[in-house]
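Only one structure is covered here, and it is reproduced in the block below.
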Amino acid sequence: MKFFIDTANLDQIREAQALGVLDGVTTNPSLMAKEGITGANNILKHYVDICEIVDGDVSAEVIAVDFEGMIREGESLASLHPQVVVKIPMTEDGVKALKYFSDAGIKTNCTLIFSVGQALLAAKAGATYMSPFIGRLDDVSTDGLELIEDIRLVYDNYAFETQILAASVRHTMHLVNCAKIGADVMTGPLAAIKGLLNHPLTDIGLAKFLADHKKGN
Ligand code: E4P
């Protein structure tokens, strides 16, 4: 399972990279704005800064909503750095753009997926990744993990190569459950990744080992 971090915060990206388990980064316009990154040039520079920290894929989202605009913007994002993956929303023009980029050999991440039908379309259009937002489904009392299970079933039925990128992961149990279901990738906050470290028996066990070592010396 690949671990992506879902942030535009360079310190958090560096911390996750230093842990040695980071496979990539996802961003979106809200995450960029949260870091105070505004203006086209600053945003483009920020993508390059992120690519220089991590080894893996970095999703950069198009703002255009029409086909021609998505193509123009996506091509310019893809030319920024070889690690850039063009993030395209799940709309009719988005599906056409996914197919265009797939034919052109440019990696894509289809975002804002909330149904199996949308996941099927993204795979048919040749998306590299497709992002079902599990936390946002949970927010409206719909089981986000159930969607991941259903998409896994459909993709396995037809051996689709599109990777299931479980997005809107909000906490460590989301991450663990996505791994149990077989999501190819998860993207979430640093806290969800670092939460995997924690177990009180580890802390108690380590404290006892150190205390016993001290007694014997
Ligand atoms: C995915 O690529 C999105 O950036 C993200 O996971 C959305 O998460 P949120 O629902 O916590 O905003």
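Points worth noting:
- Computed FRET value (nearest 0.05) for Y158 with S115, which takes r as the C-beta separation and R₀ as 22 Å: 0.85
- Site pair A211 and H171 shows an inter-label distance of 3.0 nm when each label is modelled 7 Å from Cα along Cα→Cβ.
- The distance separating the Cα centre of region 62-107 from that of region 121-198 comes to 21 Å.
- Mean Cα-pair separation over length for region 55-151, i.e. relative contact order, pairs under 8 Å, 6 or more apart, %: 21 percent
- Around the Cα centre of the chain, unit charges on the Cβ atoms of Lys, Arg, Asp and Glu (plus for the first two, minus for the last two) sum to a dipole of about 620 debye.
- Mean separation of Cα contacts under 8 Å (6+ apart) over length of the chain, as relative contact order %: 16 percent
- Inverse mean reciprocal Cα-Cα distance (Kirkwood Rh) of region 47-138, Å: 13.1 Å
- Residue-normalised accessible area of region 43-191, given per residue in Å² at a 1.4 Å probe: 43 Å²
- Which of T187, T172 is most accessible, then next, and so on - probe 1.4 Å: T172, T187
- Folded to 0 to 90 degrees: helix 144-158 orientation relative to the chain principal axis, Cα: 60 degrees
- Computed from Cα atoms, the angle from the helix 200-215 axis to the main principal axis of the chain rounds to 40 degrees.
- For the chain, with +1 on Lys and Arg beta carbons and -1 on Asp and Glu, the positive-most of V169, L201, L145 along the dipole: L201
- For the peptides 72-80, 32-40, the ranking by packing is 72-80, 32-40, with the highest mean count of neighbouring Cβ atoms within 10 Å listed first.
- Region 92-198: translational diffusion in µm²/s, Stokes-Einstein, Kirkwood Rh over Cα pairs, 25 °C, 0.890 mPa s: 176 µm²/s
- Cα-based shape type of region 101-160, given that a ≥ b ≥ c are square roots of the gyration tensor eigenvalues and the cut on a/c is 1.5: oblate
- Cα gyration tensor, region 1-59 - rounded (a/c under 1.5), prolate or oblate: prolate
- The Kirkwood radius of the chain, taken over pairs of alpha-carbon atoms, gives through the Stokes-Einstein law at 4 °C and 1.567 mPa s a diffusion coefficient of 71 µm² s⁻¹.
- 222 nm mean residue ellipticity, helices alone, for the chain (DSSP H n ≥ 4; -39,500 (n - 2.57); rounded to 500): -16000 deg cm²/dmol
- Sulfur and carbon atoms: percent of accessible area, the chain [1.4 Å]: 56 percent
- Using a Förster distance of 41 Å, the FRET efficiency for V65-M1 (Cβ separation, nearest 0.05): 0.80
The values are calculated or read from the model by the stated rules, or taken from the named source; none is laboratory data. No experiment lies behind these values; they were computed from the predicted model shown. Cβ atoms come from the backbone with ideal geometry, glycine included; neighbour counts cover every protein chain shown. Heavy atoms of the whole protein, side chains included, go into the accessibility calculation; ligands, DNA and RNA do not. Shrake-Rupley method; radii C 1.70, N 1.55, O 1.52, S 1.80 Å.
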